[in-house]
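The values are calculated or read from the model by the stated rules, or taken from the named source; none is laboratory data. Worth saying up front: this structure is predicted, and the values here are computed from it rather than measured. Virtual Cβ from ideal backbone geometry, glycine too; neighbours counted across all protein chains shown. These accessible areas exclude ligands, DNA and RNA; they are computed on the full protein's heavy atoms, side chains included. Shrake-Rupley method; radii C 1.70, N 1.55, O 1.52, S 1.80 Å.
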Amino acid sequence: MSNRGSTRQSIRICAVSGLAYRDDPRCVEVEHRIGPVDPEPPFDERLMDVWRYHRRREAADDG
């Protein structure tokens, strides 16, 4: 991936992470727009934020 594409992807990941952190349901749709992620380390932990959003929603629904 080019440096420009990598920068854009990083911005998208940051946006998705911010939405998920704020419990904004748009994070789920926006996550699909990130595009393929480089499988090589280092892994970007922000990619787990939508998963965490889902867990919080499930916990709230159960509680």
Exercise for review: State yes or no: is Glu45 open to solvent by 90 Å² or more (accessible area, probe 1.4 Å), without any contact (Cβ under 8 Å) to a residue 12 or more places away in the chain and over 17 Å from Thr7 (Cα atoms)?
Suggested key: no
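Residue under question is Tyr53, and the condition is that it be touching a helix residue (DSSP H, G or I) at 6+ places or on another chain (Cβ under 9 Å), aromatic (Phe, Trp, Tyr), open to solvent by 70 Å² or more (accessible area, probe 1.4 Å) and in contact (Cβ under 8 Å) with a residue 24 or more places away in the chain; does it hold?
Working: touching a helix residue (DSSP H, G or I) at 6+ places or on another chain (Cβ under 9 Å): yes; aromatic (Phe, Trp, Tyr): yes; open to solvent by 70 Å² or more (accessible area, probe 1.4 Å): no; in contact (Cβ under 8 Å) with a residue 24 or more places away in the chain: yes.
The answer is no for Tyr53.
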Revision key, fill the gap. Taking the stretch 8-36 and keeping residues open to solvent by 70 Å² or more (accessible area, probe 1.4 Å), at pLDDT below 90 and part of a helix (DSSP H, G or I) leaves Arg8
